[in-house]
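> Questions regarding the structure given below will be posed in turn.
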Amino acid sequence: MFGMKAALYVPSGTMSNLIAVMVHCRERGDEMIAGDLSHIHIYEQGGSAQLAGVHSATLRTLGDGTFDLDQLISKIRHGYPDPHYPRSRLVCVENTHNIQGGRVLPLAFLQELRSVADQFGLAVHMDGARVMNAAVALGVQPSAILQHCHSVSVCLSKGLGAPVGSMLGGSKDFIQRAVRVRKVLGGGMRQLGILAAAGKIALSDMIGRLEEDHRNARHFAQALLESDPALYQVDLNTVQTNIVRFSLREGQMSPVEFCERMAGVDEEEVKALGQGVPVLMFPHVGDTVRAVWHLGISEEDTQLAILKAQFVAQQHKRRSIRAA
């Protein structure tokens with residue numbers, strides 16, 4: 001499925017990414033290069049430095065989740081073994097890109113990236129937590145994406161619906177080394193068979209249904225644009241998979257307040273909608289709100305979330321008029 005020689009089950013994507021860094025960067029003081037908005041750089045507690053002794057250099061993440069390859073080349077250390085510098089070993093990409101709203105990395109970008117990496121002797125690791133979403137969005141097999149990478153981390157417990165776990169894929173030698181690193185990080189669980197059984201179902205039965213999540217996410221985003229009053233701002237071109245990242249019109253309401261209103265239920269809502277509809281969303285970076293679709297969110301749930309978003313917009317307008 002990945003087009004790789006071997007793979008390893010690990011408890012989490014964070015551990016999977018850390019294992020990849022530790023295998024590719026075998027010496028303390030080696031360096032990896034990643035986007036400044038990547039999950040591995042922002043949300044994994046700097047584990048590459050904290051636990052692996054690996055230095056990070058960052059590239060400016062573009063709106064589509066890619067980065068400029070000329071900037072990448074400028075960041076590569078060419079003077080090794082000059083004692084002043086770390087040794088560039090690894091470049092990391094994220095697909096789909098979480099902070100950029102589930103954007104899918106173009107295949108042409110990955111092909112050019114691999115060419116640059118080969119030219120300068122770098123490995124390419126993909127944080128592919130949602131790479132199955134990327135494959136469905138592009139209409140290709142995952143291996144068509146991963147042929148440009150030396151290793152990949154694939155999450156089983158997001159859109160694929162397994163209760164826990166990620167897969168780390170790579171060469172046979174890479175995975176042999178990864179087994180040792182997994183052990184020292186505490187990921188070698190003797191109870192793994194039970195969890196792996198759920199993971200097998202995720203990979204065999206759940207990939208095809210990801211299109212449903214994409215469709216529901218786009219339906220929700222379109223409804224936000226059509227909301228009356230016009231409280232929401234969203235670029236439909238960025239809604240490629242199962243994540244919708246949107247903002248509220250300036251000065252209207254903070255993302256935190258909006259998420260609290262969406263999650264809460266009051267008597268006015270029950271009277272207007274005939275029921276309470278708590279909807280969980282997340283106040284995200286850049287004063288935006290992040291909404292994510294997965295196995296547990298149906299088309300009917302999506303319609304209820306649309307009704308709730310419309311109700312919140314109308315309630316906000318009424319309250320603003322009364323306050324004025």
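The values are calculated or read from the model by the stated rules, or taken from the named source; none is laboratory data. This one's a predicted model, so the numbers in the text were calculated from it and none came from an experiment. Cβ: placed from backbone, ideal geometry, glycine included. Neighbour counts: every protein chain shown. Accessible surface is based on the protein model in full, side chains and every heavy atom, while ligands, DNA and RNA are left aside. Shrake-Rupley method; radii C 1.70, N 1.55, O 1.52, S 1.80 Å.
> So Gln240 clears everything in (1) in contact with a Ser or Thr (Cβ under 8 Å, 6 or more places away or on another chain); (2) not in a loop (DSSP other than H, G, I, E, B) except one condition, right? Which one?
Every condition holds for Gln240 apart from (2).
> Another question, then. Please determine, by comparing only the residues of the range 84-141 that are of a type in the set (Ser, Thr, Tyr) and touching a strand residue (DSSP E or B) at 6+ places or on another chain (Cβ under 7 Å), which one is nearest to Gly13 (Cα to Cα).
As a first pass, look at the range 84-141 and keep what is of a type in the set (Ser, Thr, Tyr): 85, 88, 96, 115.
Those left that are additionally touching a strand residue (DSSP E or B) at 6+ places or on another chain (Cβ under 7 Å): 88, 96.
Working: Ser88: 23, Thr96: 14 Å.
Among residues in the range 84-141 that are of a type in the set (Ser, Thr, Tyr) and touching a strand residue (DSSP E or B) at 6+ places or on another chain (Cβ under 7 Å), the one nearest to Gly13 (Cα to Cα) is Thr96.
> Scan the range 266-301 residue by residue and report those that are in contact with a strand residue (DSSP E or B) (Cβ under 8 Å, 6 or more places away or on another chain), acidic (Asp, Glu) and open to solvent by less than 70 Å² (accessible area, probe 1.4 Å).
Those that are in contact with a strand residue (DSSP E or B) (Cβ under 8 Å, 6 or more places away or on another chain), acidic (Asp, Glu) and open to solvent by less than 70 Å² (accessible area, probe 1.4 Å): none in the range 266-301.
> For a quick check of your reading of the model, give me the residue pairs whose first member lies in the range 53-70 and is surrounded by 17 or more Cβ atoms within 10 Å (Cβ to Cβ), whose second is assigned to a loop (DSSP other than H, G, I, E, B) and basic (Lys, Arg), with beta-carbon atoms closer than 7 Å and at least 6 apart or on different chains.
So the pair list comes out as Phe67/Arg60.
> Given the criteria modelled with pLDDT of 95 or more and either more than 30 Å from Thr241 (Cβ to Cβ) or in contact with a helix residue (DSSP H, G or I) (Cβ under 9 Å, 6 or more places away or on another chain) (or both), does Asp127 qualify? Step through it out loud before you land on a result.
Numbers: modelled with pLDDT of 95 or more: yes; either more than 30 Å from Thr241 (Cβ to Cβ) or in contact with a helix residue (DSSP H, G or I) (Cβ under 9 Å, 6 or more places away or on another chain) (or both): yes.
Answer is yes for this residue.
> Here's a follow-up. Inside the range 9-20, can you point out the residues that are assigned to a helix (DSSP H, G or I) and either in contact with a Cys (Cβ under 8 Å, 6 or more places away or on another chain) or among the small types (Gly, Ala, Ser) (or both)?
Let us first name the residues in the range 9-20 that are assigned to a helix (DSSP H, G or I), namely 13-20.
Of everything in the range 9-20, those that are assigned to a helix (DSSP H, G or I) and either in contact with a Cys (Cβ under 8 Å, 6 or more places away or on another chain) or among the small types (Gly, Ala, Ser) (or both) turn out to be Gly13, Ser16, Asn17, Ala20.
> Of the residues Gly159, Gly188, which single one is outside any helix (DSSP H, G or I), free of Cβ contacts under 8 Å to residues at least 24 places away in the same chain and either at negative phi or in contact with a Phe, Trp or Tyr (Cβ under 7 Å, 6 or more places away or on another chain) (or both)? Even if it seems obvious, please write down each step before you answer.
Details: Gly159 fails: free of Cβ contacts under 8 Å to residues at least 24 places away in the same chain.
The conditions single out Gly188.
> Here is a follow-up. Here are some conditions: (1) open to solvent by 30 Å² or more (accessible area, probe 1.4 Å); (2) assigned to a loop (DSSP other than H, G, I, E, B); (3) more than 14 Å from Ala313 (Cα to Cα). Arg215 meets all but one. Which one does it not meet?
With respect to (1) open to solvent by 30 Å² or more (accessible area, probe 1.4 Å); (2) assigned to a loop (DSSP other than H, G, I, E, B); (3) more than 14 Å from Ala313 (Cα to Cα), Arg215 is out only on (2).
> So which residues in the range 1-23 are of a type outside the set (A, V, I, L, M) and touching a Ser or Thr at 6+ places or on another chain (Cβ under 7 Å), if there are any at all?
So in the range 1-23, the residues of a type outside the set (A, V, I, L, M) come out as 2-3, 5, 9, 11-14, 16-17.
Those that are of a type outside the set (A, V, I, L, M) and touching a Ser or Thr at 6+ places or on another chain (Cβ under 7 Å): Phe2, Gly3, Lys5, Ser12, Gly13, Ser16, Asn17.
> What's the total number of residues in the range 302-324 that are out of contact with any strand residue (DSSP E or B) (no Cβ under 8 Å at 6 or more places or on another chain) and within 29 Å of Pro163 (Cβ to Cβ)?
The initial filter retains those residues of the range 302-324 that are out of contact with any strand residue (DSSP E or B) (no Cβ under 8 Å at 6 or more places or on another chain), namely 302-304, 306-308, 310-312, 314-324.
When the remaining residues are screened for being within 29 Å of Pro163 (Cβ to Cβ), the result is 302-304, 306, 308.
So the count comes out to 5.
> Select from the range 281-315 the residues that are of a type in the set (Gly, Ala, Ser), at pLDDT below 95 and farther than 25 Å from Glu211 by Cβ and list them in ascending order. So that I can check it myself, show each step before the final result.
Narrowing the range 281-315 to residues of a type in the set (Gly, Ala, Ser): 286, 291, 296, 298, 305, 309, 313.
Still in the running and at pLDDT below 95: 286, 296.
Correct list: Gly286 only.
> Quick one: how many residues across the range 243-280 are closer than 18 Å to His214 by Cβ and part of a loop (DSSP other than H, G, I, E, B)?
Keep residues of the range 243-280 that are closer than 18 Å to His214 by Cβ, which gives 243-246.
Keeping just the survivors that are part of a loop (DSSP other than H, G, I, E, B) gives none.
Final tally of qualifying residues: 0.
> Separate question: State whether the residues of the range 290-310 include one that is within 30 Å of the chain's Cα centre (by Cα), of a type in the set (Ser, Thr, Tyr) and assigned to a helix (DSSP H, G or I).
Applying the first criterion (within 30 Å of the chain's Cα centre (by Cα)) to the range 290-310 yields 290-310.
Add one more test, that the residue is of a type in the set (Ser, Thr, Tyr), and what stays is 298, 302.
Adding the requirement that they be assigned to a helix (DSSP H, G or I) leaves 302.
Yes, the range 290-310 contains a residue that is within 30 Å of the chain's Cα centre (by Cα), of a type in the set (Ser, Thr, Tyr) and assigned to a helix (DSSP H, G or I).
Yes/no matrix, rows are residues, columns are (1) closer than 20 Å to His39 by Cα; (2) surrounded by fewer than 22 Cβ atoms within 10 Å (Cβ to Cβ):
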position	(1), (2)
Gly121	no, yes
Asp127	yes, no
Leu160	yes, no
Val164	yes, yes
Gly169	yes, no
Gln176	no, yes
Val184	no, yes
Arg190	no, yes
Ala198	no, yes
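> Of the residues that sit in the range 73-107 and are open to solvent by 60 Å² or more (accessible area, probe 1.4 Å) and not charged (D, E, K, R), which one is nearest to the chain's Cα centre (by Cα)?
Here is the first cut: in the range 73-107, the ones open to solvent by 60 Å² or more (accessible area, probe 1.4 Å) are 74-75, 77-78, 80-81, 83-85, 87.
Still in the list and also not charged (D, E, K, R): 74, 78, 80-81, 83-85.
On the way: Ser74: 26, His78: 31, Tyr80: 33, Pro81: 35, Pro83: 36, His84: 34, Tyr85: 31 Å.
Looking at the filtered set, the residue picked out is Ser74.
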